[in-house]
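Q: First, the structure itself, so that you have it in front of you.
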Amino acid sequence: MIEHGHATHTGLRRAHNEDTYRADAEHGLWLVADGMGGHARGEVASALAIDAVVTALDAGIGMADAFRRAGAAILAHPGQRSASTPMGSTLAALKFDASNGYELAWIGDSRIYLWQHGSLLRVSPAMATGESDPDATEPRPTTPRNRATQALGITPTLELDIEPVSGRCTPGMQFLLCSDGLTEELDDTRIAAIVSRTDLAAQECVDHLVLAALDAGGRDNITVVLVRFK
């Protein structure tokens, strides 16, 4: 059984929301994109990223190549050449398959967290290579700087550092996808304290996360998607 919650908020200091997200439990796909390039351009970039990945995955294309197609779609957009500031987007993706497997991929500073066995893990490339034990209690490596600073539509397509992480879902596992509007305001300890609230529904946890980020300053657009596997 899957339960999910999702929300986006412009924040307290921005006039427009350049984040875009998709929450599709029926097809087992959740995406968060944070656009950049200014009003209308950031919104376009994040929407293009989401649409391109969905189209590619629906066509049976793998996650890494789907991300590259998203980057190519943004690079090819006419708006990319009509202004001095390039437009681009981060992207975080979670996909479930019919056999309860999961696949995660991301680019830029939007994050994916995994809640398992009472602890919050920030998903890192080490998980893809088996270097990080998801059951360990020690802090894991975080995303390398090059991946955190890359962006679809800005980094050349062939230079995108995309290394999906896959595994098997187990009861009690939770996945949190978010734009940096959340993580700029809340540290991992605060996020974990809210995600751990099993007395709350997934949507209630999402609402609490957004409100906590707003209370902490709300300096950027905030997008949060929480998926629970029961």
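Every read-out reported here was derived from the displayed coordinates using simple, explicitly stated rules and does not represent laboratory data. Because the structure is a prediction, the values reported are computed rather than measured. Don't worry about glycine lacking a Cβ; one is built from the backbone with ideal geometry, like all the others, and counts go over all protein chains shown.
Q: Would you work out which of Leu104, Val44, His9 lies farthest towards the positive end of the dipole of the chain? Charges go on Cβ: Lys and Arg +1, Asp and Glu -1.
A: With unit charges placed on the Cβ atoms, the residue in question is Val44.
Q: Non-local amide H neighbours of Asp19 (under 5 Å, H modeled in plane, Pro and chain starts lacking H): which ones?
A: Correct list: Gly35.
Q: Then there's this: Would you mind checking which residues have amide H under 5 Å from Met173's amide H? H placed 1.01 Å from N; only 5 or more apart, or other chain.
A: Amide H neighbours of Met173: Phe229.
Q: Quote the relative contact order of the chain in percent (integer), defining contacts as alpha-carbon pairs under 8 Å separated by 6+ residues. Spell out each step's value before the answer.
A: On the way: 523 pairs, mean separation 66.3, N = 230.
In percent, rounded to a whole number, it is 29.
Q: Using θ = phi - 60° and the Karplus relation 6.51 cos²θ - 1.76 cosθ + 1.60, list the HN-Hα couplings for the range 173-178 in order, rounded to whole Hz, with x at every Gly or Pro.
A: 6, 10, 10, 10, 10, 7
Q: Oh, and also: In percent, how large is the relative contact order of the range 39-79, given Cα pairs closer than 8 Å and 6 or more residues apart?
A: Answer for the range 39-79 is 44 percent.
Q: Using a Gaussian network model on the chain with a 10 Å cutoff between Cα atoms, which of Leu48, Leu182, Leu29 fluctuates the most?
A: Checking each option, the largest mean-square fluctuation is seen for Leu29.
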